[in-house]
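The values are calculated or read from the model by the stated rules, or taken from the named source; none is laboratory data. In this text, all values refer to a predicted model and were calculated from it rather than measured experimentally. Using ideal geometry, Cβ is built from the backbone for each residue, glycine included, and neighbour counts are taken over all protein chains shown. Calculation scope for accessible area: heavy atoms of the full protein, side chains included, ligands and nucleic acids excluded. Shrake-Rupley method; radii C 1.70, N 1.55, O 1.52, S 1.80 Å.
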Amino acid sequence: QYAIEAKGLTKTYPATKTSPAMQALKGIDLAIPRGSIFGLLGPNGAGKSTFINILSGLTRKTGGTVKIWDRDIDTNGRNARAAIGVVPQEIAADPFFTPKEALDVAAGMYAVPPNERRTDELLAALGLSDKAGAYVRQLSGGMKRRLMVAKAMVHNPPVLILDEPTAGVDVELRRQLWNYVLELNRQGVTIVLTTHYLEEAQELCDQIAIINRGQVVACEPTSTLLRRM
Ligand code: ADP
Ligand code: ADP
């Protein structure tokens, strides 16, 4: 049973006036086990974000298949989103909302019934209870980033995907985010994260796939991979 299964997944960005067509994914085969913390490691431009954007329905695949929790992603990519929460790289500010309101909006988008919303619990888990009534624009960068994680979890998905969760993040916040990811995983959530820090993958992941130039060049348990490096 896999959380995510890609077979021969390809993505070519079409040519524009200023740039030729770009084959960002050249046939990705990946099987991400349920319950794991799975790292996608690779240099800038390797295709990590493209892969994640296909999973989240932001980008359409060109070829191949991807399943999320046994459901095939169809061509417009939006049918499988209920099973995943995605924390994007960029912080979306929601400047005129409070964290509580931002979570309610997110829950509404996923059609979570009001009596099943866990807003207070999520705010507490991410250390945001004190700020539940402040405006999001008044929060520190670290708090905004934690709010992004809370928003990704409002519909209680079995899979959480994080795109470069700690890029540009200070040591303390990095620890906090890591601890929360580990805690979610203990509760049974499958975690998929991209990173270009080997150390982050090493610290968190049970399995690592190395992606380079749109291809998976290695995919192994973290311990065996590190022994060869
Ligand atoms: P990453 O840190 O994952 O490499 P990038 O900075 O490359 O992210 O890309 C940030 C955003 O810009 C992404 O949404 C990506 O799809 C888009 N992007 C990246 N490269 C190009 C490009 N050559 N043309 C248009 N959009 C791009
Ligand atoms: P990574 O996340 O590993 O840094 P990306 O998936 O962002 O890699 O990018 C993979 C390749 O696809 C890069 O060469 C990038 O410039 C290109 N690319 C990404 N997004 C776009 C886009 N929207 N349009 C054109 N090219 C893109």
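Can we say Gly42 is within 12 Å of ligand 2 (Cβ to nearest atom), closer than 27 Å to Ala167 by Cα, of a type in the set (Gly, Ala, Ser) and within 16 Å of the chain's Cα centre (by Cα)? So that I can check it myself, show each step before the final result.
Details: within 12 Å of ligand 2 (Cβ to nearest atom): yes; closer than 27 Å to Ala167 by Cα: yes; of a type in the set (Gly, Ala, Ser): yes; within 16 Å of the chain's Cα centre (by Cα): yes.
For Gly42, the condition - within 12 Å of ligand 2 (Cβ to nearest atom), closer than 27 Å to Ala167 by Cα, of a type in the set (Gly, Ala, Ser) and within 16 Å of the chain's Cα centre (by Cα) - is met.
So, of the residues in the range 105-123 that are aliphatic (A, V, I, L, M) and not in a helix (DSSP H, G or I), which turns out to be surrounded by the most Cβ atoms within 10 Å (Cβ to Cβ)? Walk me through it before giving the result.
If we filter the range 105-123 for residues that are aliphatic (A, V, I, L, M), which is where we start, we get 105-107, 109, 111-112, 122-123.
Now narrow it down to the ones that are not in a helix (DSSP H, G or I): 111-112.
Values: Ala111: 8, Val112: 18.
Once the filter is applied, the top-ranked residue is Val112.
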Among the residues of the range 169-199, which ones are at pLDDT below 90 and among the acidic types (Asp, Glu)?
-> Asp170, Glu172, Glu199
Any residue in the range 203-221 that is away from ligand 1 (no atom under 16 Å from the Cβ), among the polar types (S, T, N, Q) and modelled with pLDDT under 95?
-> no
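Taking only the range 185-194 into account, find how many residues are open to solvent by 10 Å² or more (accessible area, probe 1.4 Å) and closer than 14 Å to Val149 by Cα. Break it down stepwise before answering.
Initially, the range 185-194 is screened for residues open to solvent by 10 Å² or more (accessible area, probe 1.4 Å), giving 185-189.
Retained after the next criterion (residues that are closer than 14 Å to Val149 by Cα): 185, 189.
Total satisfying the criteria: 2.
Of everything in the range 1-23 that's touching a helix residue (DSSP H, G or I) at 6+ places or on another chain (Cβ under 9 Å) and either among the aromatic types (Phe, Trp, Tyr) or open to solvent by 10 Å² or more (accessible area, probe 1.4 Å) (or both), which residue is farthest from ligand 1 (Cβ to nearest atom)?
So in the range 1-23, the residues touching a helix residue (DSSP H, G or I) at 6+ places or on another chain (Cβ under 9 Å) come out as 3-4, 6, 9, 11, 13.
Add one more test, that the residue is either among the aromatic types (Phe, Trp, Tyr) or open to solvent by 10 Å² or more (accessible area, probe 1.4 Å) (or both), and what stays is 11, 13.
Values: Lys11: 10, Tyr13: 7 Å.
Ranking the qualifying residues of the range 1-23, first place goes to Lys11.
In the range 165-184, what residues are within 16 Å of ligand 2 (Cβ to nearest atom) and open to solvent by less than 50 Å² (accessible area, probe 1.4 Å)?
We begin by selecting, within the range 165-184, every residue within 16 Å of ligand 2 (Cβ to nearest atom); these are 165-168.
Scanning the range 165-184 gives Pro165, Thr166, Ala167.
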Among the residues of the range 139-155, which ones are touching a residue at least 40 places away in the same chain (Cβ under 8 Å) and either touching a Phe, Trp or Tyr at 6+ places or on another chain (Cβ under 7 Å) or part of a loop (DSSP other than H, G, I, E, B) (or both)?
-> Leu139, Val149, Met153, Val154, His155
Output the number of the condition that Trp69 fails; it satisfies all remaining conditions of (1) open to solvent by 80 Å² or more (accessible area, probe 1.4 Å); (2) away from ligand 2 (no atom under 16 Å from the Cβ); (3) out of contact with any strand residue (DSSP E or B) (no Cβ under 7 Å at 6 or more places or on another chain).
-> (3)
Among (1) at pLDDT 95 or above; (2) away from ligand 2 (no atom under 12 Å from the Cβ), the one test that Ala15 misses | (2)
Selection from the range 199-229 of residues touching a residue at least 40 places away in the same chain (Cβ under 8 Å) and either farther than 26 Å from Met22 by Cβ or not aliphatic (A, V, I, L, M) (or both) yields Glu200, Leu204, Cys205, Asp206, Gln207, Asn212, Arg213, Gly214, Gln215, Cys219, Thr222
Output for the range 45-66, where each listed residue is within 16 Å of ligand 1 (Cβ to nearest atom), over 13 Å from the mean Cα position of the chain (by Cα) and surrounded by fewer than 17 Cβ atoms within 10 Å (Cβ to Cβ) = Gly45, Arg60, Thr62
